[in-house]
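The values are calculated or read from the model by the stated rules, or taken from the named source; none is laboratory data. Fair warning: this is a prediction, and the values are worked out from it, not measured in the lab. Cβ atoms come from the backbone with ideal geometry, glycine included; neighbour counts cover every protein chain shown.
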Amino acid sequence: MGAVKIVLAGLAAYLIGSISSAVVVSYVVSRKDIRNYGSGNAGATNMARFFGMAGGVATFLLDVLKTVAAMSLGRLIGGEYGFLLSAVTCMLGHCFPVWFGFKGGKGVSVGAAVGLMLHWKVFVIIVAVFFLTFALTRRVSAGSVMCALAFVPAELAAGFRDWPTLLTGVCAGLLVLFMHRGNIRRLLNGTEKPFKPRSARFKRKKP
């Protein structure tokens, strides 16, 4: 029965994670789907490029709220294992949302929220790594990649030694890296563009 509850917790978190904040906000603001513009990514960074920092921040905060809701519900249903599984499945829902054709974001904002739910120290460390990397490179993707690589070290620095929590961090980091595989290629060959909030006009993403 305990295993069933854990699975149900994970499923509920996936469905909550599938609520794409970027798609919802872009539609409410402009009746447009953010996935048709820029990078095609339904995340805070692409939102900031087209709706300014307000749009990006709103998307980030909503992503954090859905992660908190998903993991809190996961703990309520399935205990600590339900809590940890919900972290991973909420990220999967965010990246591959069932409500929006399995085309979502890249998991960074939800991953940061997972860090916050695990321990405030994890959140502070990965956010610090993100902003330090961004300050040096002006590339959000570089900060996101470094965040992913720093997740497990941040868990260790926060005092976690149990394998379920560390495995959750491994899954979160690997998912973010996988979703940024195109960005990583561009970073390596020097073609990744720097971040510039708010575009003068909507420009459809390249096919």
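Taking segment 85-101, which residues are under 12 Å from residue 23 (Cα atoms), modelled with pLDDT of 95 or more and not in a helix (DSSP H, G or I)? Of everything in segment 85-101, just one residue is under 12 Å from residue 23 (Cα atoms), modelled with pLDDT of 95 or more and not in a helix (DSSP H, G or I), namely 97. No other residue among 40, 82 is assigned to a helix (DSSP H, G or I) and either among the small types (Gly, Ala, Ser) or buried (at least 19 other Cβ atoms within 10 Å of the Cβ) (or both) apart from 82. Regarding segment 104-118, can at least one residue be identified that is touching an Asp or Glu at 6+ places or on another chain (Cβ under 6 Å) and not charged (D, E, K, R)? Yes, some residue in segment 104-118 is touching an Asp or Glu at 6+ places or on another chain (Cβ under 6 Å) and not charged (D, E, K, R). Is it the case that some residue within segment 53-60 is more than 23 Å from residue 118 (Cβ to Cβ), part of a helix (DSSP H, G or I), touching a residue at least 24 places away in the same chain (Cβ under 8 Å) and hydrophobic (A, V, I, L, M, F, W, C)? Checked segment 53-60: at least one residue is more than 23 Å from residue 118 (Cβ to Cβ), part of a helix (DSSP H, G or I), touching a residue at least 24 places away in the same chain (Cβ under 8 Å) and hydrophobic (A, V, I, L, M, F, W, C).
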